[in-house]
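I have placed the structure first, in the form of structure tokens, so that the comments after it can refer back to it.
The values are calculated or read from the model by the stated rules, or taken from the named source; none is laboratory data. Just so we're clear, the structure is a prediction, and the values are computed from it rather than from any experiment. Note: ideal-geometry Cβ built from the backbone for every residue, glycine included; neighbour counts use all protein chains shown.
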Amino acid sequence: MLVRRFLSGCLMLLALAHTCSAQAKAENAQAAAAGRQTGNSAQPQQASEQSQQAAAQPVAKKPVLETPTMRLAAAKNILLVRAHGSTIPVEVIRTTMEGWGCFTFVTTPDKADLIVEVASSGDSGVQVASSSRVSPETGHEEKSTSSSKKISPTEVKMTVFDARNRRALWSASENVKFAMKEKAKENNLVEAAERLASKFHDRLEPPAK
């Protein structure tokens, strides 16, 4: 009897231990599954936070290269200078540009957006030469006069620079018609300067086609 009771007690203890072991394994499996679910749910949240942080960071803008057209369009202040030659073309161009009403003329480069240089070169006219010699036949002095037309290339040139870095933005030239009289020369200089100013205006505001 005692042996049977002892064996029966051992069997009950083994059954109880097996049951406890099975319960512990089940609980561990549930805990592992819950941990995996928590980890999976945290990953999308972390990815969302990272994307939000990336969106919040300012995007570095690439520097925009300023073309001559852009610089000319943005300019407001102009320094007009005479490089060399007659003052007539400078005065004509200044008066013409003042009539446009889109520029303010300044007197120093540090206040200017653009520097406009105007130059005229060459001259045209008649060269008269006189000479004298003693005639071997008569022994008297004989005078002679000769004239020749002197025509040098005459033009008016206008160059527009960026006042910040002296970069040439636009340039053009006009030939001046030949004239014998001084008044006609001045008129021709005026016409050449007016054509140059008109060219520059067309560069700023291209005419409609």
> Restricting attention to the range 51-73, does a residue exist that is within 30 Å of LYS185 (Cβ to Cβ) and at pLDDT 95 or above?
Replying inline: no
> Going by the structure shown, is ALA172 in a strand (DSSP E or B), farther than 22 Å from THR69 by Cβ and at pLDDT 90 or above?
Replying inline: no
> Which one of these is outside any loop (DSSP other than H, G, I, E, B) and either among the acidic types (Asp, Glu) or within 13 Å of HIS201 (Cβ to Cβ) (or both): VAL116, VAL90?
Replying inline: VAL116
> Take the residues of the range 155-207 that are closer than 14 Å to ILE93 by Cβ and aromatic (Phe, Trp, Tyr): which is surrounded by the most Cβ atoms within 10 Å (Cβ to Cβ)?
Replying inline: PHE200
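Looking only at the range 66-90, filter to residues that are free of Cβ contacts under 8 Å to residues at least 24 places away in the same chain and either within 19 Å of ARG167 (Cα to Cα) or acidic (Asp, Glu) (or both); which one of those is surrounded by the fewest Cβ atoms within 10 Å (Cβ to Cβ)? First the steps, then the outcome.
Residues of the range 66-90 that are free of Cβ contacts under 8 Å to residues at least 24 places away in the same chain, as a first pass: 66-67, 69-70, 87.
From what is left, the residues that are either within 19 Å of ARG167 (Cα to Cα) or acidic (Asp, Glu) (or both) are 66-67, 69-70.
On the way: GLU66: 12, THR67: 10, THR69: 13, MET70: 12.
Going through the qualifying residues, I end up with THR67.
Being in a helix (DSSP H, G or I) and free of Cβ contacts under 8 Å to residues at least 40 places away in the same chain is the filter here; which residues of the range 175-197 pass it?
Filtering the range 175-197 down to residues in a helix (DSSP H, G or I) leaves 182-197.
Correct list: GLU182, LYS183, ALA184, ASN187, ASN188, GLU191, ARG195.
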>> Can you pull out every residue in the range 98-124 that is crowded, with 19+ Cβ neighbours inside 10 Å and farther than 13 Å from ALA163 by Cβ?
In response: VAL118, SER120
> Mind checking which residues of the range 88-116 are of a type in the set (D, E, K, R) and farther than 18 Å from LEU72 by Cβ?
Replying inline: GLU91, ASP110
